[in-house]
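Chemist: Dropping the structure in here first, questions after.
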C-alpha cells in the first residue's frame, strides 16, 4: 500500500512539474550588424525587426508574470543588439538552448516599390511548423490588414537547420510606402508583437491574452535610434544621455536606442574616452523612430614618452636639434673659407 501511495505522489509531482514547465521560445530578429537586410523608405530591416522582436520578448515575459491569463514562457533572442549573427549561428543557438519553438522575424524588400503585403514561411506544408505559421499569418493580417501574400514553404537555412518547429515571418515590404508606414510606427510595431503573442498562445491552446500595461502607453512618445562614430568607425561604449536624464551605452556597432522619448526637440549629450564631448539635437515625432548619427572628434594623444618615429615634437636624435644644425653649417663655412 505504501509503495502504491508513493507512486501516486511521484506521478502527481511529475504532472505538476510538467504543468509548471515554461515553453522556450527563441525569437530571431533577421540580419544585423554589417548586414542591414532590406533598405528603403529611410529605414533598415535590421533595426525594425529588432524592435519588434524586443517588444515580442517583453510581451512573453509580461505574460509569464501576469497571473490573470495567458501562458508561461522562457523568451530568448538570437541577437538583442545590432550585431551580425550567421544563419548557422542562429540555428545552433536555438538547438543548444533546446528551444520548443523558433520564430524568425523579417521585413521584405523589392526593386519594384509596388510589391507589398505580409507572408509567413515554414519548411513544410504540414506539421507543427505549418500550424504555427498559419496562426502568425492570420494574426498579422488581422493586426495590420495589409495584403495577404499567404502561407508559404521555403528551404531557408534557419527553417531547415533548426531542430525546433520553426517559422519565418515577413512583416511587410520596407520598399513600399503603405507597408513602410506600418514598419515605421512604434504603435504598429507593438501591434505586430502582440499578433505574434496571440499566435503562439493559440498555438498552445491558450486563450489569447495581452498582459496588462504592455500596449503602447501614449501617442506623445517616439523613439531615438542613435549611432556614434569617429574617423575610425563605430565608437563602442560611448555614453549617451537624453535631456530627461535617461542614459544608454553604445554597442559593438556604436548603436543604442531610447524607446520612450517624448515627442519634440530632444538633446543628446555624448561622452566617450579619448573623445571630445558632443551635444546633438534630435526632433522626435510621436510613435516614430528618429535616427541620428553622431560624429565624435578624437582627442590628440597627450602625455607619455615622445614617439621617436614621429615627424613632429619630442626629442628625435636621429634628425638632430636646431642647435646641432647651426653648428654643422658653421663648420661647413669655415672649411669653405680655408679652401678659398
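Here, each number is a calculation from the coordinates, and none is a lab measurement. All values reported here derive from a predicted model rather than from experimental measurement. Reconstructed Cβ throughout: ideal geometry from the backbone, glycine too, with neighbour counts over all protein chains shown.
Chemist: Checking the a/c ratio against 1.5 first, then a/b against b/c, what shape does the Cα gyration tensor give for segment 41-186?
Modeler: It comes out rounded by the Cα gyration axes.
Chemist: Express in nm, to one decimal, how much length is gained between residue 220 and residue 35 on full extension, taking 0.36 nm for each residue of separation and deducting their alpha carbon distance.
Modeler: Values: separation 185, 0.36 × 185 = 66.60 nm, distance 3.19 nm.
Here the answer is 63.4 nm.
Chemist: How would you rank 98-104, 110-116, highest first, on the average number of other Cβ atoms within 10 Å across their residues?
Modeler: Per-residue mean Cβ counts within 10 Å order the peptides as 98-104, 110-116.
Chemist: Could you check the spin-label model distance between residue 152 and residue 241? Points 7 Å from the Cα along Cα→Cβ, value in nm.
Modeler: 4.9 nm
Chemist: I would also like to ask the following. With the contact rule set at Cα under 8 Å and sequence spacing of 6 or more, what percent relative contact order holds for segment 116-249?
Modeler: On the way: 179 pairs, mean separation 30.7, N = 134.
Taking the mean separation of contacting Cα pairs over the length of segment 116-249, I get 23 percent.
Chemist: What is segment 17-203's relative contact order, in percent, from Cα pairs under 8 angstrom and six or more apart in sequence? All intermediate terms of the calculation are to be shown ahead of the outcome.
Modeler: Numbers: 403 pairs, mean separation 52.1, N = 187.
28 percent.
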